[in-house]
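The next block holds one structure in the form of structure tokens; read it before the comments.
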Amino acid sequence: MKNTKIQRSHCSSSFLFYSFLFLFIFPSVSAQTAQARYKDPRLPIEYRISDLLSQMTTQEKIGQMAQIDRSVASSDVLIDHSIGSVLHGVLENGPPLLPPNATPAMWADLIDGFQNSAMSARLGIPIIYGTDAVHGHNNIVGATVFPHNVGLGAARDEDLMVEIGRATALEVQGTGAQYAFAPCVAVCRDPRWGRCYESYSEDTQIVRSMSKIILGLQGYPTDNHTLGYPFVASGGKNVMACAKHYTGDGGTQGGVDEYNTVTTYDDLYGIHMMPYIDAIAMGVSTIMASYSSWNGVKMHGNPFLLTRILKQKMSFQGMIISDWEAIDRMTDPPGSHYKESLKAAINAGIDMVMIAYDYQRYLTDMTELVSSGEIPISRIDDAVRRILRVKFIAGLFDRPMADRSLHPMVGHEKHRELAREAVRKSLVLLKNGKGEEKMLPLSKDAPKILVAGSHAHNIGYQCGGWTISWQGISGNTTKGTTILEGIKKAVSKQTRVVFQEKPNKQFVNENRDSSYAIVIVGELPYAEFKGDSKELKLALDGEETIKTLCKEVKCVVIIVSGRPVVIEPYVDMMEGLVAAWLPGSEAGKGIADVIFGDYDFQGRLPRTWFRRVDQLPMNFGDPHYDPLYPFGYGLQMGIQSQKRVHGVSSFSTSSFSSI
């Protein structure tokens, strides 16, 4: 706690200190520079922030607190209102602005256009361009799509997480963006939640461990880094990260998205808040508040958790951003008392508002609330200071435009190989044979094999939600390798691969001479509340496909899903069972690497695999714990596996494990 107190004292006296520093260390600064000292990269960041803040009007401050969707971010809007940030919205019905197959250069041109507009305003404050790069730069066609977080939680490899963060940062910067709304450090306690695949695990310690992706996204802080102060490495190859969604979003009743988490503060802290302590220790730049409530109080309007705990007790000095239109969703129906919701959220500690579209309503209501004193100007100044801090830390004032040399990083082959490795390490072997006879590894030299199922040849399905569009889409929508393609490339040239998406009895009868079958089924893509499910069943006749094939032909079933699903009634029919999660664009190669024995299985269940949905919620340690496969379960084939050697991460957050 000593470091925390020092930093608070440092911030409160920073302006006087840096004024002294400026007068005595930089006496030869020209009169022109003296009028805009915040533009001088030689000066300390806190001095530059104070100088700029002192020159801003109230309207400019209010504008800096606004994040708007790119579809409404015209040049006039950015200039006239001093907008602080632009959002890469991915709602299906939004204006395209660019063609679906836009190149990195086209994206950089678009983002630089926004930046040029912002820089031409009176004070020339650059915008932050934010995007949901939650499993790679997943909104961009051709970018590398890594496994979703649930799969990475199965891999449990901290060094791999850092490398994925680095690769993602390069691809994001390769299109001119500087801010990733990642990672999600929710602890999902109920797989019925539609965002459960965005959580690394039901176990807090695994989530804390996997949050080291922040070190890849932002870079490693120095040894003398001040606790709570945001950090982004210099050089323009890293991005601002965002730990989300603070807090308790994975613990809502019934797993209902945006609902109420009912628990004591001790349990909220011990289960859901601990990953934020690690994120803050790693210098995370921003934290996103959750749509959900804690014991009936909306998180966006909770001053105890946002200000007293996060900002004061945890010493977080970056910015707190709202979720998409979350101010509207503080009331039912949404937006029915927007002005009161805005007042509550800003006074509770929200610094930047993800407005999306209706920025005029925000500007009008904020102006009235500040003019009337209902939101103190001191609260506005604190919010803008935090926003400017992350902008200066990220180097936006000194390097506001896209680095065109990074365009080739988008979808780079080295990143795809990294994603392939992540797929291999995330696969969990749940069943291998009946009795002593093992099913896996599969023979590459079999004369004839069957491949079946809805998810065998569909990149959109294997990537899931948050891929190209918000909800995800079916089809080969981006560059990658389907599981069927991976199988075909792995087997011998003499092996005949017969594929049928929906096999019937006639097809099975005609192919009884096959050596074995690979059945690939799972969930359809979804995101957020649209993924909430009370049934957790396989989609598109997945159960029928299993029953039709596995009763007649030796089969291994590969489940492509964001969470455990109902599978117990069919386990006895199959010789092998693999949980592949949502493995991303390189699924085909990564899965083939393992099932054919070039690498062994390494993944372990990041969450409990239930028997029946009426057992939920059920997590390891619960009194009624009776799983089909327990948390941490995972078989190996016992082969000699090739292993890639990582560098060792030296950064430790152990000294910040408690407050």
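The values are calculated or read from the model by the stated rules, or taken from the named source; none is laboratory data. Just so it is clear, the structure is predicted and the values come from calculations on it, not from any experiment. As a convention, Cβ positions derive from the backbone with ideal geometry for all residues, glycine included, and neighbour counts pool all protein chains shown. The accessibility values were calculated without ligands, DNA or RNA, using every heavy atom of the protein model including side chains. Shrake-Rupley method; radii C 1.70, N 1.55, O 1.52, S 1.80 Å.
Data for the structure
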{"item": "Matching residues in region 482-491 - criterion: being in a loop (DSSP other than H, G, I, E, B) and either open to solvent by 10 Å² or more (accessible area, probe 1.4 Å) or at pLDDT below 95 (or both)", "result": "VAL491"}
{"item": "Selected residue (criterion: farthest from PHE146 (Cα to Cα)) from residues of region 412-432 that are open to solvent by 10 Å² or more (accessible area, probe 1.4 Å) and not charged (D, E, K, R)", "result": "ASN432"}
{"item": "Any hit, region 73-83, residues being in contact (Cβ under 8 Å) with a residue 60 or more places away in the chain and small (Gly, Ala, Ser)", "result": "no"}
{"item": "Residue among THR175, THR144 that alone is over 19 Å from VAL390 (Cα atoms), buried (at least 24 other Cβ atoms within 10 Å of the Cβ) and in contact with a strand residue (DSSP E or B) (Cβ under 6 Å, 6 or more places away or on another chain)", "result": "THR144"}
{"item": "Test for GLY464: is it of a type outside the set (D, E, K, R) and open to solvent by 10 Å² or more (accessible area, probe 1.4 Å)", "result": "no"}
{"item": "Complete set of residues in region 351-402 that are assigned to a loop (DSSP other than H, G, I, E, B), touching a Ser or Thr at 6+ places or on another chain (Cβ under 8 Å) and buried (at least 20 other Cβ atoms within 10 Å of the Cβ)", "result": "ALA394, ALA402"}
{"item": "Restricting region 306-336 to residues that are charged (D, E, K, R) and either in contact with a helix residue (DSSP H, G or I) (Cβ under 6 Å, 6 or more places away or on another chain) or free of Cβ contacts under 8 Å to residues at least 12 places away in the same chain (or both), the residue that is nearest to ASP351 (Cα to Cα)", "result": "ARG308"}
{"item": "Residue that is nearest to ILE377 (Cα to Cα), among those in region 39-81 that are touching a Gly at 6+ places or on another chain (Cβ under 7 Å) and surrounded by fewer than 23 Cβ atoms within 10 Å (Cβ to Cβ)", "result": "ALA66"}
{"item": "Condition broken by ILE473, with the remaining ones in (1) surrounded by fewer than 22 Cβ atoms within 10 Å (Cβ to Cβ); (2) modelled with pLDDT of 95 or more satisfied", "result": "(2)"}
{"item": "Candidates GLU421, GLU436, GLU417, GLU413, filtered to the one that is modelled with pLDDT under 95 and closer than 30 Å to ILE483 by Cβ", "result": "GLU436"}
{"item": "Subset of region 503-538 [buried (at least 19 other Cβ atoms within 10 Å of the Cβ), at negative phi and part of a helix (DSSP H, G or I)]", "result": "VAL508, GLY531"}
{"item": "Some residue of region 328-345 being within 21 Å of the chain's Cα centre (by Cα), open to solvent by less than 40 Å² (accessible area, probe 1.4 Å) and more than 30 Å from VAL613 (Cβ to Cβ)", "result": "no"}
{"item": "Where a residue in region 402-418 is farther than 16 Å from GLY165 by Cα and its partner, wherever it lies, is in a helix (DSSP H, G or I) and open to solvent by less than 60 Å² (accessible area, probe 1.4 Å), with Cβ under 6 Å and at least six apart", "result": "ALA402/ALA108; ALA402/ASP112; HIS407/PRO104; HIS407/ALA105"}
{"item": "Residue match in region 266-280 (condition: assigned to a loop (DSSP other than H, G, I, E, B) and at pLDDT 95 or above)", "result": "no"}
{"item": "Subset of region 356-393 [in contact with a strand residue (DSSP E or B) (Cβ under 9 Å, 6 or more places away or on another chain) and of a type in the set (Phe, Trp, Tyr)]", "result": "TYR357, TYR359, TYR362"}
{"item": "Residue in region 428-445 that is closer than 24 Å to ILE213 by Cα and touching a residue at least 60 places away in the same chain (Cβ under 8 Å) present", "result": "yes"}
{"item": "Every residue from region 493-502 that is within 21 Å of ASP445 (Cα to Cα), open to solvent by 30 Å² or more (accessible area, probe 1.4 Å) and not hydrophobic (A, V, I, L, M, F, W, C)", "result": "LYS493, GLN494, ARG496, GLN500"}
{"item": "Those residues of region 539-577 which are over 30 Å from VAL187 (Cα atoms) and open to solvent by less than 20 Å² (accessible area, probe 1.4 Å), in sequence order", "result": "THR545, ILE546, LEU549, CYS550, VAL553, CYS555, VAL556, MET574"}
{"item": "Residues of region 199-242 satisfying the condition of being open to solvent by 20 Å² or more (accessible area, probe 1.4 Å), in a helix (DSSP H, G or I) and among the hydroxyl-bearing types (Ser, Thr, Tyr)", "result": "SER209"}
